[in-house]
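The values are calculated or read from the model by the stated rules, or taken from the named source; none is laboratory data. This structure is a prediction, so every number in the text was calculated from the model and none was measured. Cβ placement follows ideal geometry from the backbone for every residue including glycine, while neighbour counts extend to all protein chains displayed. Areas reflect the complete protein model, heavy atoms only, side chains present, ligands, DNA and RNA absent. Shrake-Rupley method; radii C 1.70, N 1.55, O 1.52, S 1.80 Å.
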Amino acid sequence: MSDPFSFADELGPKKIIHVHNPSVGLRGILVIDNVAIGPAIGGLRMAPDVSLEECFRLARAMTLKNAAAGLSHGGGKSVLFGDPSMPAEKKEQLIRCMASTLREESDYIFGPDMGTNEICMGWVKDEIGRSVGLPAALGGIPLDEIGATGLGVMHACDVAAASIGISLSGARIAIQGFGAVGKHAARFLAEKGAVISAVSDSKGAIVNPAGIDVAALIALKAAGKSVTELPGAKAAADVVSADCDILIPAARPDVIHEQNVESVRAKLVVSGANIPMTPGAEKRLHEKGILYIPDFIANAGGVICAAMEYHGSTKTSAFESIEEKIRANTEEVIRQSSKAGILPRQAAVNLALSRLRHAMSMRRFALF
Ligand code: NAD
């Protein structure tokens, strides 16, 4: 068993709680990392193989993401052991029990993550009155449906591309993953005149240098099919090495690594997914003169939208806020990276830490 104090450093975590209720088979963990800026917002992840370490790493990522985005929220995360495709009544019972057990932990606001969705957040809200990412029927802004994260990815692409002399209009884009993030990034980029030249999902990849019909692909996916079934599509081995201007990993972790980073042909990589590149791959891209925008800067649109929902905003103001924050942060990361000769990730971490440390300096006990 791992020692919970092995994760402790000057930023947190403030609290780690293991919850257990054998009457319903509940096993879960909550990590409240740092709440110097405000109560933590972070998703509830449900999977059979979650762990304390994963929960801590995700909670810390939220601390940095929320601080960088200038939200009035700290970072936290919760995990629930179980198969997310279990019968709905059983899943509801587990999630309600988890929420109820953590009722008094007002420093943590539940949000959706892998294995949970807006309906799950509706159950949490009903149980304890505290969650984000709610269905529209409960006054929520359905962030995956409207493409909050994909919108932010588009703005990060626009600012970063302009900094290296590329216009989005006519730029060739390759996207790995065509889910909540990838699909909407494709849609918003195509609206700006970009050419979506390669796309993949878990079943395979397709290319079309003249541009893939994004609306047709969205309809195909909505019908439960794979991108590989798009009529007239040409199959490809993968998108990491696609001939393109901008590459957007928007699926799994660690998909660009030391063994395939040399094959990247894009001039810019914008991370839609969380940790899609290993630290070694990011370093190598930088050495090769390929600009990349780190995950917690580029994919913060979802949590910005969630925080705005929590504070009673509308979709229109959430979209304005995503645009303003992600464009400003992307610019700042590029500027600091070039000025100080540091990796974009280091510049992004410095940006988040400067805000976090300032907040901590105003707290009597730093974290809370
Ligand atoms: P999703 O489940 O809606 O979509 C994932 C997509 O990736 C699917 O199209 C799936 O087929 C595809 N995929 C899976 N394995 C693949 C592989 N090996 N190669 C190519 N494609 C593959 O998930 P999502 O919500 O779009 O999240 C994607 C990533 O973005 C995750 O890392 C997630 O943590 C991160 N993220 C999501 C949000 C959000 O608002 N949804 C916000 C921030 C970060």
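Among Ala223, Ala242, Ala298, the residue with the largest mean-square fluctuation in a Gaussian network model of the chain, with springs joining Cα atoms closer than 10 Å, is Ala223. If I compute solvent accessible area with a 1.4 Å probe over the protein chains, what percent of it on the chain is carbon and sulfur? Of all accessible area on the chain, carbon and sulfur atoms account for 53 percent. When only the Cβ of Lys, Arg, Asp and Glu is charged (+1, +1, -1, -1), the dipole of the chain relative to its Cα centre reaches about 420 debye. Using R0 = 30 Å, the C-beta based FRET efficiency linking Ser106 and Ser23 works out to 0.75. Using the Cβ-Cβ distance between Asp3 and Ala136 with R0 set to 30 Å, the FRET efficiency works out to roughly 0.10. Rounded to the nearest 10 degrees, the angle from helix 315-340 to the longest Cα principal axis of the chain is 70 degrees.
Farthest toward the positive end of the dipole of the chain, out of Phe365, His257, Ser78, is the Cα of Phe365, where the dipole comes from beta carbon charges about the Cα centre. Highest GNM mean-square fluctuation among Val159, Val333, Val19, for the chain modelled with Cα contacts below 10 Å: Val19.
Which peptide among 226-235, 347-356 comes first, and what is the full order, when sorted by highest mean count of other Cβ atoms within 10 Å?
The densest-packed peptide leads the list: 347-356, 226-235.
What is the Cα centroid distance between segment 215-229 and segment 176-204, reported in whole angstrom? Measuring centre to centre over Cα atoms gives 12 Å.
Taken about its Cα centre, segment 86-188 carries a charge dipole of roughly 340 debye when the Cβ of each Lys and Arg holds +1 and the Cβ of each Asp and Glu holds -1. Summary value for segment 250-368: 19 percent relative contact order, contacts being C-alpha pairs under 8 angstrom separated by 6+ residues.
Note on the chain: dipole from Cβ charges, positive end direction compared against Ala148, Gln346, Leu217; the farthest Cα belongs to Gln346. Compared with the dominant principal axis of the Cα atoms in the chain, helix 180-191 is inclined by about 40°.
Rounded to the nearest 10 degrees, the inclination of helix 148-163 to the longest alpha-carbon principal axis of the chain is 50 degrees.
Based on the convex hull around the alpha carbon atoms, the chain presents an average projected area of 18.2 nm².
Computed from the Kirkwood radius of its Cα pairs, the Stokes-Einstein diffusion coefficient for segment 1-130 at 20 °C and 1.002 mPa s stands at 148 µm²/s. Here segment 214-267 is assigned +1 on the Cβ of each Lys and Arg and -1 on the Cβ of each Asp and Glu. Its dipole about the Cα centre then comes out at about 280 debye. Note on segment 306-355: percent of Cα-Cα distances in each 5 Å bin, starting at 0 and stopping at the bin with the largest distance, equals 5, 20, 22, 16, 14, 13, 7, 3, 0. Taking the centroid of alpha carbons for each part, segment 11-56 and segment 310-331 are 27 Å apart.
Local charge for Gly280 was computed over the other residues whose Cβ lies under 13 Å away, with Lys and Arg +1 and Asp and Glu -1, and equals -1.
For Lys192, the lysines whose Cα falls under 18 Å of its own Cα, not counting residues fewer than eight places away in the same chain, are Lys183. All C-alpha pair distances within segment 86-202, sorted into 5 Å bins from zero, spread as 2, 11, 17, 16, 13, 11, 11, 9, 6, 4, 1 percent across the bins. Here's the list of lysines a cross-link from Lys91 could span, going by alpha-carbon distance under 21 Å and ignoring same-chain residues fewer than 8 apart: Lys77, Lys125. Comparing Ala298, Gly232, Ala205 along the charge dipole axis of segment 194-322, the residue lying farthest to the positive side is Gly232, per the Cβ-charge model. Averaged per residue, segment 36-141 has 35 square angstrom of accessible surface, using a 1.4 angstrom probe with ligands and nucleic acids left out.
With a cut-off of 13 Å between beta carbons, the residues surrounding Leu189 carry a summed charge of +1, where Lys and Arg count +1 and Asp and Glu -1. Note on Glu54 and Phe368: the model spin-label points, each 7 Å out from Cα along the C-beta direction, lie 2.6 nm apart. The order of the peptides 300-309, 178-187, 134-143 by mean Cβ neighbours within 10 Å, most packed first, is 300-309, 178-187, 134-143.
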